[in-house]
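Below you'll find the structure, written out as structure tokens, and then a few comments.
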Amino acid sequence: MRRPAVYELTEKKGLSQVLELAGGIMPTAYLQKVQVERVEAHSQKVVLDLDLRAENTQLPDIANFTLQDRDLVKVSAIASSGGFVTLKGYVTRPGVYQLTPGMHLADLVLAYDNLLPEYYPGLVQIIRVKPPLYRQESLTVDLDKALKGDAIHNILLQEYDEVRLFSRTEMEEIPQVVVSGAVLNPGEYQLFDKMRATTKNTAASRENRRQKTAVARSLRHGRAQSRSSSASP
């Protein structure tokens, strides 16, 4: 209701009139179960559940349901939204998406241009709630096969599914090489495709030369300041 409050009724009114007095029912109201708590015959409290949906054939009678002194009318809100899936992880547009009839994994990823460069093609994780207890379970399929339409991996999505994609750096070990021995700057370096030993040695030497250049500049600056101090009277 838009204006929930305690209302004094000077005359008998039907339920629809009282709801109108309270500002009407909000769009988020759950109409299948409008509840009236009533004190009956000074002896006990009773609860009455009324269905105010438009398709209810008894709606005219319920709308004219007469309220009594001390009646408490409760209109609950609808449950949390449904009919959606959630996309997470290494994607272009993470968030909530409408679950359309017959929607498969590839429909969620490709139709909205959600693939990023260097995505991991070998795995996608789907967290699904399973009735009747609605406990979470984890499903994994091959993303690359799903995008190619493989019926086993391009699974049909269900309401509330959480789909997570990964990047290559998350799932694959980054190849590295170790440069040691008689080199200017030994250490670990990332291994790239078609990388040669001369490339690694050049990178190590370049870093070392940068460090030496910085030291040399610092020394020259220090000597210049010393000569300037000596020449001062």
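With the requirement that a residue be among the acidic types (Asp, Glu) and not assigned by TED's automatic domain parsing to the domain that holds Ile155, what does segment 58-115 give you? First the steps, then the outcome.
First pass over segment 58-115, keeping only residues among the acidic types (Asp, Glu): 61, 69, 71, 107, 113.
Asp61, Asp69, Asp71 - these are the residues of segment 58-115 that are among the acidic types (Asp, Glu) and not assigned by TED's automatic domain parsing to the domain that holds Ile155.
Would it be correct to say that Thr92 is within 30 Å of Asp142 (Cβ to Cβ), hydroxyl-bearing (Ser, Thr, Tyr), touching a residue at least 24 places away in the same chain (Cβ under 8 Å) and not in a strand (DSSP E or B)? Lay out the reasoning, then the answer.
Details: within 30 Å of Asp142 (Cβ to Cβ): yes; hydroxyl-bearing (Ser, Thr, Tyr): yes; touching a residue at least 24 places away in the same chain (Cβ under 8 Å): yes; not in a strand (DSSP E or B): yes.
The answer is yes for Thr92.
Determine which member of the set Ile155, Ile127 is β-branched (Val, Ile, Thr), crowded, with 16+ Cβ neighbours inside 10 Å, modelled with pLDDT of 95 or more and not assigned by TED's automatic domain parsing to the domain that holds Tyr30.
Values: Ile127 fails: crowded, with 16+ Cβ neighbours inside 10 Å.
On inspection, the qualifying residue turns out to be Ile155.
Among the residues of segment 160-173 satisfying the criterion of being charged (D, E, K, R) and under 18 Å from Ala111 (Cα atoms), which is surrounded by the most Cβ atoms within 10 Å (Cβ to Cβ)? It would help to see each step written out before you state the result.
Pass one, segment 160-173, residues charged (D, E, K, R): 161-162, 164, 168, 170, 172-173.
Retained after the next criterion (residues that are under 18 Å from Ala111 (Cα atoms)): 161-162, 164.
Numbers: Asp161: 22, Glu162: 16, Arg164: 18.
Taking the candidates together, the pick is Asp161.
Within segment 24-84, which strands (runs of 3 or more DSSP E) (wholly inside it) include 1 or more residues that are under 30 Å from Met103 (Cβ atoms), of a type in the set (Gly, Ala, Ser) and under 37 Å from the mean Cα position of the chain (by Cα)?
Values: elements: 29-40, 44-50, 72-77.
Passing ranges, in order: 29-40, 72-77.
Taking the conditions exactly as written (part of a loop (DSSP other than H, G, I, E, B), modelled with pLDDT of 90 or more and either loosely packed, with under 11 Cβ neighbours inside 10 Å or polar (S, T, N, Q) (or both)), does Arg3 satisfy them or not?
Working: part of a loop (DSSP other than H, G, I, E, B): yes; modelled with pLDDT of 90 or more: no; either loosely packed, with under 11 Cβ neighbours inside 10 Å or polar (S, T, N, Q) (or both): yes.
So Arg3 fails the test.
The values are calculated or read from the model by the stated rules, or taken from the named source; none is laboratory data. Note that the coordinates shown come from a computational prediction; the quantities given were computed from them, not determined experimentally. With ideal geometry, Cβ positions are generated from the backbone for all residues, glycine too; neighbour counts draw on all protein chains shown.
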